[in-house]
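What follows is a single structure, written as structure tokens, with notes after it.
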Amino acid sequence: MTEKNYYILKYKACGAECPIRLSGRLNQHKWEWDGFETKPNDVDIVKNYEFTVSDRKIKSLEFDFYGYLTKFVSEKFLKVCDDLNVKFRAVPLKFIVQKKEIDKKYYIFLPVDHFSLLDAELSEFEAVRDDETGELFEDKIYPGQVVYENITKFVISDGEFPHLFKCSEILELVCTREFMQLAIERGLNCIDFIPLDVNFKYNT
């Protein structure tokens, strides 16, 4: 039977060690990959990445998943991915807190799998059109796919998908129920799992 229970991974602030926003400075001006990179294994990554936290109230970091566009994850998160055969690239990220490197290891998480999950026939949505020609805009990140203005009814398409991947319609990390259950069982911190179902609404 095709899996129909999918969840969007969102960061959940839950205390001083899991702040709403990480204030600080990255040692590099920019990443060596695109923000919406779809082929991370093809990128030549040679730089070291270090983030110095400037908020003096923060004494350590305890989250296992953090971020909005770019995701920072712990070794515990990667272990769940490994155990469920999730494909990814993990770039080491050193955190400096109170002028010292913290013991907990973190990584920048780059998903390898990107899939379209929406059933276009059964879902309800509005696609972006050119104001002059009326033609549908093609997604520059995912050629052949339209750009969604909004999705008011998200119906999951039939098919087999990995336990964790980037959903191309909403540009979010999405996981299966099994991934969510294993993450909860292992006590991963600061992750909200938002059901991706007919009640989910999307707006650009």
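The values are calculated or read from the model by the stated rules, or taken from the named source; none is laboratory data. Computed from a prediction, not measured in an experiment: that's the story for all the values here. Please note: Cβ atoms are built from the backbone with ideal geometry, for glycine as well, and neighbour counts cover all protein chains shown. Only protein heavy atoms, including side chains, enter the accessible area calculation; ligands, DNA and RNA are left aside. Shrake-Rupley method; radii C 1.70, N 1.55, O 1.52, S 1.80 Å.
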> Could you say which residue among F65, F88 is modelled with pLDDT of 95 or more, open to solvent by 20 Å² or more (accessible area, probe 1.4 Å) and of a type in the set (F, W, Y)?
Replying inline: F88
> So is Y106 open to solvent by 30 Å² or more (accessible area, probe 1.4 Å), touching a residue at least 24 places away in the same chain (Cβ under 8 Å) and within 19 Å of K10 (Cβ to Cβ) or not?
Replying inline: no
> In this structure, does R56 turn out to be in a loop (DSSP other than H, G, I, E, B), touching a residue at least 12 places away in the same chain (Cβ under 8 Å) and over 14 Å from the mean Cα position of the chain (by Cα)?
Replying inline: yes
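Condition first: among the charged types (D, E, K, R) and either touching an Asp or Glu at 6+ places or on another chain (Cβ under 7 Å) or loosely packed, with under 15 Cβ neighbours inside 10 Å (or both). Now tell me which residues in the stretch 1-39 satisfy that.
Once the filter is applied, which keeps residues that are among the charged types (D, E, K, R) and either touching an Asp or Glu at 6+ places or on another chain (Cβ under 7 Å) or loosely packed, with under 15 Cβ neighbours inside 10 Å (or both), the stretch 1-39 yields E3, K4, K10, K12, E17, R21, R25, K30, E32, D34, K39.
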>> Tell me whether the stretch 153-172 contains one or more residues that are at pLDDT 95 or above and acidic (D, E).
In response: yes
> Taking into account only those residues within the stretch 128-152 that are open to solvent by less than 80 Å² (accessible area, probe 1.4 Å) and of a type in the set (A, V, I, L, M, F, W, C), which is modelled with the highest pLDDT?
Replying inline: I151
>> Quick test for you: out of E32, E62, E17, pick the one residue that is in contact with a Leu (Cβ under 6 Å, 6 or more places away or on another chain) and assigned to a loop (DSSP other than H, G, I, E, B).
In response: E17
> So how many residues does the stretch 168-186 have that are free of Cβ contacts under 8 Å to residues at least 60 places away in the same chain and either surrounded by 20 or more Cβ atoms within 10 Å (Cβ to Cβ) or farther than 13 Å from N5 by Cβ (or both)?
Replying inline: 4
> Scanning the stretch 187-202 for residues that are of a type in the set (A, V, I, L, M, F, W, C) and open to solvent by 30 Å² or more (accessible area, probe 1.4 Å), which turns out farthest from the chain's Cα centre (by Cα)?
Replying inline: V198
>> Can you say whether D82 is within 19 Å of the chain's Cα centre (by Cα) and at pLDDT 95 or above, as far as the supplied structure shows?
In response: yes
> From the list R25, R89, which one is of a type in the set (K, R), in contact (Cβ under 8 Å) with a residue 24 or more places away in the chain, within 27 Å of G187 (Cα to Cα) and not in a loop (DSSP other than H, G, I, E, B)?
Replying inline: R89
>> Just to verify a result, which residue in the stretch 40-62, among those that are charged (D, E, K, R) and out of contact with any strand residue (DSSP E or B) (no Cβ under 8 Å at 6 or more places or on another chain), is surrounded by the most Cβ atoms within 10 Å (Cβ to Cβ)?
In response: E62
